[in-house]
Amino acid sequence: MASTTTATQASVNTITDEQFYKDVMAGLTANPKRLDSKYFYDAQGDKLFQELMGCEEYYPTNCEMEIFTSQTAEICKAIIADGDAFDLIELGAGDATKSTQLLKYLIDNKADFSYLPIDISENVISYLNITLPVTLPGIKITGLNGEYFDMLKKAAAISNKRKVVMFLGSNIGNMPIPVAQGFCRELRKNLSEGDMMLIGIDLKKNPKTVLAAYNDKGGITKRFNLNLLERINRELGGDFNTSHFDHYATYDPETGACKSYLISLTDQKVKIGDETVSFVKDEYIYMEISQKYAIKQINDMAEGAGFKPLNQFFDNKKWFVDNIWMA
Ligand code: AVI
């Protein structure tokens, strides 16, 4: 078994510019045009997402934070289970603010665990590798930078302890439902009997509340979306003029799909490296889905993937739920 990394050890970045370029060109030459929201998160995107999480209308972060602060002991007891040593793996760890609540409780209560945050953003992983050992003395941390399943396999290769995989913040909502179902099946395949998932999922609610969260008055969501065009300019030699695009969000209460688009405000041509992409006025780029779920859909998804739903922890308003599933 490999030892955990030190704060100064560099992470391996597996997301290459070549893949980014391929995905961008495939998306912008498709009809309709689309971009993959996983590319939102460069250093600037991480900063904007932080800002978004602090904004009044964006409720999911506060709801999940409330769950983690008011029910820390209950959640931790459920994941500690029989008290054996375990790996606490977090997919899309971000700044780990929410998981820090759990990590602190686990350390204070002498639980035998290592924390393995996985994130697509190299910045996030180096930040966690450096800061967590300072804020949480005694933590055993191995940051893994890359795609979730590649890094899950890597985690399994370095340790054979029981695994508790956290997937918080309704990150699963950024997949259309069939993709989310496939993702849960794939997760199950990568886990062994007795392993667990702790998965945070945003619930269906008043459509106006959802829409306001993805169309905030301060325009942070707009800047967050436009940043992907700026990232293409920075990293792929693009010449997007972001003032020629507007942000548009929709929410369908029937399906629970909240979708974001960038709308071309004019006929325009944009260069990306040696290629040129044309837009007509009012043409859209489909940027992101943030799917909202009903409780039954969540339990069906767990069971359909081969998990047993064990516990559900809600915030006061019942807007968000953290689920524990057993493999
Ligand atoms: C990361 N993810 C769960 C966020 C969401 O709510 O879909 C990303 C986001 N997009 C716009 N606002 C927040």
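The values are calculated or read from the model by the stated rules, or taken from the named source; none is laboratory data. Worth saying up front: this structure is predicted, and the values here are computed from it rather than measured. For neighbour counting, all protein chains shown are included, and Cβ atoms are generated from backbone atoms with ideal geometry for every residue, glycine included. Accessible surface is based on the protein model in full, side chains and every heavy atom, while ligands, DNA and RNA are left aside. Shrake-Rupley method; radii C 1.70, N 1.55, O 1.52, S 1.80 Å.
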Problem - Residue with peak Gaussian network fluctuation, the chain [Cα springs, cutoff 10 Å], from Leu226, Leu116, Leu265 - result: Leu265
Handout entry: Gyration tensor verdict on the chain (Cα atoms; rounded if a/c is under 1.5, prolate if a/b is larger than b/c, oblate otherwise)
Key = prolate
Problem - Long-range HN-HN contacts of Met166 with modeled amide H, under 5 Å - result: Ile89, Glu90, Leu91, Leu198
Completion exercise
Each label sits 7 Å from Cα toward the beta-carbon; between Ser192 and Asp282 the label points are separated, in nm, by 5.9 nm
Handout entry: Share of carbon and sulfur in the accessible heavy-atom surface of the chain [1.4 Å probe, %]
Key = 51 percent
Exercise for the section: Show that you can apply the helix-only estimate: for the chain, add -39,500 (n - 2.57) for every DSSP H stretch of four or more residues, divide by all residues, and state [θ] at 222 nm to the nearest 500. Expected result: -12000 deg cm²/dmol
Problem - Set Lys47/Lys292; Lys204/Lys318; Lys153/Lys308; Lys205/Lys318 screened for pairs whose C-alpha atoms are more than 20 Å apart - result: Lys47/Lys292; Lys153/Lys308
Problem - C-alpha center-to-center spacing [the range 137-173, the range 186-241] in angstrom - result: 19 Å
Practice task
Sort 269-280, 51-62, 160-171, 33-44 for me by packing, meaning the mean count of neighbouring Cβ atoms within 10 Å per residue, highest on top.
Solution key: 160-171, 33-44, 51-62, 269-280
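With r as the distance between the Cβ atoms of Ala85 and Lys317 and R0 = 51 Å, compute the FRET efficiency 1/(1 + (r/R0)^6) and round to 0.05.
Details: r = 36 Å, r/R0 = 0.71.
The computed FRET efficiency comes out at 0.90.
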Practice task
Would you please give the residues with an amide H less than 5 Å from that of Ala257, counting only those at least 5 places away or on a separate chain, with H modeled from the backbone geometry?
Solution key: Asp252, Lys292
Practice task
Once you have the Cα-Cα distance between Thr266 and Lys217, take 0.36 nm times their residue separation minus that, and quote the gain in nm to one decimal.
Solution key: 15.3 nm
Practice task
Take the alpha carbon gyration tensor of the range 179-285, find the square roots of its eigenvalues, order them as a ≥ b ≥ c, and report rounded if a/c is under 1.5; if not, report prolate when a/b exceeds b/c, else oblate.
Solution key: oblate
Completion exercise
Averaged per residue, the 1.4 Å probe accessible area of the chain, protein heavy atoms only, in Å², is roughly 45 Å²
Practice task
Estimate the FRET efficiency between Thr209 and Lys38 by the formula 1/(1 + (r/R0)^6), using the beta-carbon distance for r and 30 Å for R0, to the nearest 0.05.
Solution key: 0.70
Handout entry: Paramagnetic reach from Asp112 in the range 178-208 [backbone N under 20 Å; point 7 Å along Cα→Cβ]
Key = 192-196
Handout entry: Contour minus Cα-Cα distance for Lys22 and Met65 (0.36 nm per residue)
Key = 11.8 nm
